[in-house]
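Report on one structure; see the data block that follows.
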Amino acid sequence: MQTSYEMFLLAAKTLNFTKAASLAHITQQSFSEHIKKLEKEVGTVLFTRSPRVALTESGRIFYETVRQMDLIERRCLVHLKEREAEIGRASCRER
């Protein structure tokens, strides 16, 4: 998944840019830049920043879509690993 999307998911889950940056092992400034870049890319504000971080309506819509994308990607990787394991087992039986 694109790094900015991963950062977005962390921010949406924690609703705290400092905590999300810590989880991502980057500075808060770098984390904020990822979010600003993503907001520019999608053409809308995804978070309100004060008085507390919160998802905007657009942010909630975007969150649901990105969360689904993340789940699909994770399932795909599991299926690929399972397929590789099947191929490996079949190769061993052929020997």
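Spelling out what I want: for every residue of region 32-49, take phi, set θ = phi - 60°, compute 6.51 cos²θ - 1.76 cosθ + 1.60 (Karplus), and round to whole Hz; glycine and proline get x.
Calculated HN-Hα couplings, in order: 4, 5, 4, 5, 4, 4, 5, 4, 5, 4, 8, x, 7, 7, 9, 10, 8, 10 Hz.
Only Cα pairs under 8 Å and at least 6 apart count here; give the relative contact order of the chain as a rounded whole percent.
Relative CO of the chain lands at 23 percent.
Please give the helix 57-94 orientation as an angle from the longest Cα principal axis of the chain, in degrees from 0 to 90, rounded to the nearest 10.
Between helix and principal axis, roughly 20 degrees.
Please calculate how many Å² of accessible area the chain carries per residue, with a 1.4 Å probe and no DNA, RNA or ligand atoms counted.
71 Å²
Could I have the simple spin-label model distance between K40 and D70, label points 7 Å from Cα toward Cβ, reported in nm to one decimal?
Calculated label separation equals 2.4 nm.
Give me the net charge of E64's neighbourhood, meaning all other residues with Cβ under 14 Å from the Cβ of E64; Lys, Arg count +1, Asp, Glu -1. Please report the intermediate quantities before stating the final value.
Values: positive: K13, R60, R67; negative: E57, D70.
Neighbour charge sum, excluding E64 itself: +1.
Given H placed 1.01 Å from N in the peptide plane, which residues other than close sequence neighbours of F47 have an amide H under 5 Å from its amide H?
T56
Restricting to DSSP H runs of at least four residues, report the calculated mean residue ellipticity at 222 nm for the chain, -39500 (n - 2.57) per run over all residues, nearest 500 deg cm²/dmol.
Estimated from H runs of four or more residues: -26000 deg cm²/dmol.
Please report, as a whole percent, how much of the solvent-accessible surface of region 48-92 comes from carbon and sulfur atoms (probe radius 1.4 Å).
Percent of accessible area from carbon and sulfur atoms in region 48-92: 60.
Under the classification rounded if a/c is under 1.5, otherwise prolate if a/b is larger than b/c and oblate if not, where does the chain fall, given a ≥ b ≥ c as square roots of the Cα gyration tensor eigenvalues?
prolate
Leaving ligands and nucleic acids out of the surface, order H34, H79 by accessible area at 1.4 Å, largest first.
From most accessible down to least: H79, H34.
For the pair V78/K19, report the inter-label distance in nm, with labels modelled 7 Å from Cα in the Cβ direction.
My value for the distance between the label points is 2.6 nm.
The values are calculated or read from the model by the stated rules, or taken from the named source; none is laboratory data. Everything quoted here is computed from the prediction, not taken from an experiment. Neighbour counts are summed over all protein chains in view; Cβ atoms, including those assigned to glycine, are modelled from backbone coordinates with ideal geometry. Only protein heavy atoms, including side chains, enter the accessible area calculation; ligands, DNA and RNA are left aside. Shrake-Rupley method; radii C 1.70, N 1.55, O 1.52, S 1.80 Å.
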